[in-house]
Amino acid sequence: MSDIVKIRGLKSGLQLSFAKGANFEDVQANILNKLEMGSNFFIRGTTVFMPKGYFTEEQNETLRRMFHRHGMLFSYDYKQPNFSAPVREKPVEVEQPAKFEQPQQVERKASPMLVINKTIRGGQEVRSESSVLICGNVNPGAQVISGGSVDIRGTCRGIVHAGIYGDETAFVVADKLMPMQIRIANIIARSPDNAKEVNMAERASIKNGYIVFEPIMR
């Protein structure tokens, strides 16, 4: 059973492959066993890449929720981007980070902003096609996924994805912006391990192909 799910470590996450003929129940049980054993591969904030078209949408959703409960992201894309750490000053000239391939953006009707008046705790997820305002914290292991921008009136230590439909003008704002992982449109970054806490509100946005953190006045 230990060979049913094979794990390949990548700079941007984990790529999973399955033994020939493995069914969904065997794969699910094998992954769950690895998660519960606390495998060093499965670290909170890691993106897990799955083979596209291997399982049904319902089965993939079951796996996505299982990984989410352990604080991980779920994707089908095998073309891996390079992580670039969030920049709190003018970025230096380095190679352009690779991007996720996304479906062509289509015109979407504007939706009212989603307002949440509570802290988002680890294991919880917020999804909205519109922008999101959270009056509370986003704790480690929590995820916020928004079609627009995200404004957090508190501390952000979880995973945030703004502009999920490819909107590179989207941004993320928080009173303390210390995300486990942040994604705007198709650009991904994660906080460096030695990041210093900034005692003022910050805004994360895309500039010159990078996610840049800048202090703002509330």
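The values are calculated or read from the model by the stated rules, or taken from the named source; none is laboratory data. As the structure is a prediction and not an experimental result, all values here were calculated from the model. A quick note on method: Cβ atoms are made from the backbone with ideal geometry, for glycine too, and the neighbour counts reach across all protein chains shown.
Of the residues making up the range 166-174, not a single one is under 13 Å from the mean Cα position of the chain (by Cα) and surrounded by fewer than 22 Cβ atoms within 10 Å (Cβ to Cβ). Do we have Gly123 as surrounded by fewer than 18 Cβ atoms within 10 Å (Cβ to Cβ) and in contact (Cβ under 8 Å) with a residue 12 or more places away in the chain here? Criteria met by Gly123. Within the range 186-206, being of a type outside the set (Val, Ile, Thr), touching a Lys or Arg at 6+ places or on another chain (Cβ under 8 Å) and at pLDDT below 90 holds for Asn186, Ala189, Glu197, Asn199. Restricting attention to the range 123-141, the residues being assigned to a loop (DSSP other than H, G, I, E, B), modelled with pLDDT of 90 or more and within 25 Å of Tyr210 (Cβ to Cβ) number 1.
Is it the case, given these coordinates, that Arg190 is surrounded by fewer than 21 Cβ atoms within 10 Å (Cβ to Cβ) and in the same structural domain as Asn137 (by TED's automatic domain parsing)? No: the conditions fail for Arg190. A Cβ distance below 8 Å, combined with a sequence gap of six or more or placement on separate chains, defines the contacts here; from the range 126-145, residues that are on the phi > 0 side of the Ramachandran plot reach residues that are part of a loop (DSSP other than H, G, I, E, B) and modelled with pLDDT of 90 or more in the pairs Gly136/Asn117; Gly136/Lys118; Gly136/Thr119; Gly141/Arg121; Gly141/Gly158. In the range 126-160, the qualifying residues are those that are surrounded by fewer than 23 Cβ atoms within 10 Å (Cβ to Cβ) and among the aliphatic types (A, V, I, L, M), and the one that is farthest from Arg64 (Cα to Cα) is Leu133.
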